[in-house]
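Participant: Before we start, here is the structure in question, set down as structure tokens.
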Amino acid sequence: MADFSNSTKPADLLLDSLGSLGSPSLLLDTYIPGYSIISNVLVNFLRLDVSRVVPILGAIFALSKTWDYLYYQIRYQILHYLTCSILITSELDAYYNISRFLTDKKNLGKRSSDLVALSNRRPDGTFIDPELERAEREPGGGRAKGRHRRTQEYEAQLESYQYFWYNGRLFIWFRQRDNRSNLDYHSSRTVEAKLYCFSANTTPIKELIEDSAAYQEARNAGLTKIYRPASAKQRSYGDVHWRSATGRPSRPLGTVIMSKEKKNALVADIEQYLLPATRKWYSQRGIPYRRGYLFYGAPGTGKTSLSFALAGLLDLSIYCVSLAEKSMTEEDLFELFSQLPASCLVLLEDIDIAGLQKRDDKVIREEASEEGETPEHKKAASDGDSRVTLSGLLNVIDGVASHEGRVLIMTTNDIEGLDKALLRPGRIDVKTHFPKSSKSDAHDLFVQTFMNYDGDSIDEKQEIPSSLKRLAEQFSGRIPDAKFTPAEIQGFLLAWKNSEPDVAVAKVEDWIEGRASTEGTAYSLTKEK
């Protein structure tokens, strides 16, 4: 029978093999430089044997890594097999609707323990609608004592899971950076989100998305949504999209001082155009379903104001583009117009300063000769800073691939300077002139400033007190016809809005005299010496 009493045990063989590699201190010195020195110092001065602590720390580290692995594997299996999900990218309205919904509905259930304080921007970086500001402010109220204080709001951080109950079901909201995007990490829009639900299908998720959209629509009632192009930095990375810039209370049409006949004609024309029957009529006859308007007149005559009032009246979102922006390219403009919704109002402001003016070649050659420049250099300099050419703009407006269904409003201070190709029917269907204020306009501005209206908005049918009517007639009688713009007269009246109306009547002649020497400047509350 074999004798194994003197045989080497496996444990001894393992120790011998480790010993051949050197002591534990030497092994640790290989991976942790300076370990032996630190160990000797702790032993000599603190009587602490590090070799006893290291195995415990190693075990804790191994357990933590094991726990992390098991946690992520279990979470993955649960989310993969027990839930349904919908991916929502941050350029969609649904992303903001859900984020806002979760922020406002603080009683939905367990929220994330990792929060971030919200500023006046959306979770994707764009500005939040100032509905809270509008709802919390009361008209009047005496003198302001500083900036209005908003209630601080919070939401879950990126890369964190937010759990909540809704309609008896458990949901999970997870947001992260979109690593597939070619934008840099700090870009404000590189966010995508996944909405999970413990359900056999996506129906509960779709219901939540619809409910959040309805909630946001009710929250924004009475507001006109304003969209602007993404920042130049985002567009330079190819990320061309519309961002929600803000939302402002819809402006009543009665606050825009101009001929009622013109206003009513414009409203009737746009309303007729937006009817479903009109779209069908255009389609049957093969006519592109587009409508263009040109508002022209001096600065401050109400062109942009009427555009916003029309958008509010017709419940349309307004998409604003400035062709004078140096970073705006024709490719950006094409992409932006391709993303427009089926029914909206597009505002191209001040197209006369965007380098789209007509210039006669003979005039350019004469100017170049006088200034000692080449005609080519002079023509390039006269084209402005815009990177959008006239031909590019025309293709966007009515090219083969141009968008249909939108209401296009262009504003200009100088209609004579625009190329005839831009003004032809099909591109510009209706032209509306905005003249400087008449005596009747001055009368209406005075009444609008000092009238105490019963409701929250101006009611044109409300009877004007006889005393105010008399003062308005005195005021308008002192305002010369076609001399001042509505913005200039309103600027003067706003300076006295908290005074008695007769004070404004008494001060108006001094103001008119002062305008002769300070034309184009703001109204001064004190006389300049």
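The values are calculated or read from the model by the stated rules, or taken from the named source; none is laboratory data. Every value quoted in this text rests on a predicted model; they were computed, and no experiment measured them. Note that we place each Cβ from the backbone using ideal geometry, even for glycine, and neighbour counts take in every protein chain shown. SASA here: full protein model, heavy atoms, side chains in, ligands and nucleic acids out. Shrake-Rupley method; radii C 1.70, N 1.55, O 1.52, S 1.80 Å.
Participant: Six or more apart or on different chains, Cβ atoms under 6 Å: show the pairs whose first residue is in the range 409-425 and more than 24 Å from Cys344 (Cβ to Cβ) and whose second is among the polar types (S, T, N, Q) and surrounded by 15 or more Cβ atoms within 10 Å (Cβ to Cβ).
Facilitator: What qualifies is Gly417/Gln357.
Participant: Go over the candidates Ile209, Ile205 one by one and state the one that is at pLDDT 90 or above, buried (at least 17 other Cβ atoms within 10 Å of the Cβ), in contact with a strand residue (DSSP E or B) (Cβ under 6 Å, 6 or more places away or on another chain) and not assigned by TED's automatic domain parsing to the domain that holds Ser327.
Facilitator: Ile205
Participant: Within the range 302-350, can you find the residues that are in contact with a His (Cβ under 8 Å, 6 or more places away or on another chain) and among the hydroxyl-bearing types (Ser, Thr, Tyr)?
Facilitator: Hit for the range 302-350 is Ser338, nothing else.
Participant: Go through the range 170-199 and report how many residues are part of a loop (DSSP other than H, G, I, E, B) and modelled with pLDDT under 90. If you could, list the steps in order and put the result at the bottom.
Facilitator: Narrowing the range 170-199 to residues part of a loop (DSSP other than H, G, I, E, B): 178-190, 198-199.
Still in the list and also modelled with pLDDT under 90: 178-190.
Result for the range 170-199: 13.
Participant: Filter the range 384-427 for residues that are among the β-branched types (Val, Ile, Thr) and open to solvent by 10 Å² or more (accessible area, probe 1.4 Å); which is modelled with the highest pLDDT?
Facilitator: First pass over the range 384-427, keeping only residues among the β-branched types (Val, Ile, Thr): 388-389, 396-397, 400, 407, 409, 411-412, 415.
Checking which are open to solvent by 10 Å² or more (accessible area, probe 1.4 Å) leaves us with 389, 400, 415.
Numbers: Thr389: 82, Val400: 70, Ile415: 89.
Looking at the filtered set, the residue picked out is Ile415.
Let's see how each residue does on (1) assigned to a helix (DSSP H, G or I); (2) assigned by TED's automatic domain parsing to the domain that holds Thr203; (3) modelled with pLDDT of 80 or more:
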{"position": "Leu15", "(1), (2), (3)": "yes, no, no"}
{"position": "Leu18", "(1), (2), (3)": "yes, no, no"}
{"position": "Asp29", "(1), (2), (3)": "yes, no, no"}
{"position": "Leu48", "(1), (2), (3)": "no, no, no"}
{"position": "Asp68", "(1), (2), (3)": "yes, no, yes"}
{"position": "Tyr96", "(1), (2), (3)": "yes, yes, yes"}
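Participant: While we're looking at this one, here's another question. Out of Asp459, Asp444, Asp454, Asp481, I need the residue that is at pLDDT 90 or above, not assigned by TED's automatic domain parsing to the domain that holds Leu390 and not in a helix (DSSP H, G or I). Which one?
Facilitator: Working: Asp459 fails: at pLDDT 90 or above; Asp444 fails: not in a helix (DSSP H, G or I); Asp454 fails: at pLDDT 90 or above.
Answer to the selection: Asp481.
Participant: Which of the residues that make up the range 427-448 are over 17 Å from Gly300 (Cα atoms) and β-branched (Val, Ile, Thr)?
Facilitator: Residues satisfying the conditions are Ile428, Val430, Val447.
Participant: Could I ask something else about it? Which ones in the range 249-297 are part of a helix (DSSP H, G or I), open to solvent by 40 Å² or more (accessible area, probe 1.4 Å) and polar (S, T, N, Q)?
Facilitator: In the first step, residues of the range 249-297 are kept if they are part of a helix (DSSP H, G or I); the result is 253-255, 260-274, 276-284.
Imposing the further condition that a residue be open to solvent by 40 Å² or more (accessible area, probe 1.4 Å) reduces the set to 260-262, 264-265, 268-269, 271-272, 274, 276-277, 279-281, 283-284.
Passing the criteria: Asn264, Gln272, Ser283, Gln284.
Participant: Just a yes or no: is a residue in the range 348-359 at pLDDT 90 or above, open to solvent by less than 50 Å² (accessible area, probe 1.4 Å) and touching a strand residue (DSSP E or B) at 6+ places or on another chain (Cβ under 6 Å)? Before you say what the answer is, go through the steps one by one.
Facilitator: Within the range 348-359, the subset at pLDDT 90 or above is 348.
Applying the additional criterion that residues be open to solvent by less than 50 Å² (accessible area, probe 1.4 Å) yields 348.
With touching a strand residue (DSSP E or B) at 6+ places or on another chain (Cβ under 6 Å) added as a condition, the list becomes 348.
Checked against the condition, which is being at pLDDT 90 or above, open to solvent by less than 50 Å² (accessible area, probe 1.4 Å) and touching a strand residue (DSSP E or B) at 6+ places or on another chain (Cβ under 6 Å), the range 348-359 yields at least one hit.
Participant: Does any residue in the range 254-272 that is touching a residue at least 24 places away in the same chain (Cβ under 8 Å) come within less than 7 Å, Cβ to Cβ, of a residue that is polar (S, T, N, Q) six or more places away or on a different chain, and which pairs are these?
Facilitator: Thr255/Gln448; Val256/Ser305; Lys262/Thr432; Leu266/Thr432
Participant: Now a separate question. For the range 221-233, name all the residues that are in contact with a strand residue (DSSP E or B) (Cβ under 9 Å, 6 or more places away or on another chain) and open to solvent by 20 Å² or more (accessible area, probe 1.4 Å). So that I can check it myself, show each step before the final result.
Facilitator: Taking the range 221-233 as the starting set, the residues that turn out to be in contact with a strand residue (DSSP E or B) (Cβ under 9 Å, 6 or more places away or on another chain) are 222-231.
Those that are in contact with a strand residue (DSSP E or B) (Cβ under 9 Å, 6 or more places away or on another chain) and open to solvent by 20 Å² or more (accessible area, probe 1.4 Å): Gly222, Lys225, Tyr227, Arg228, Ser231.
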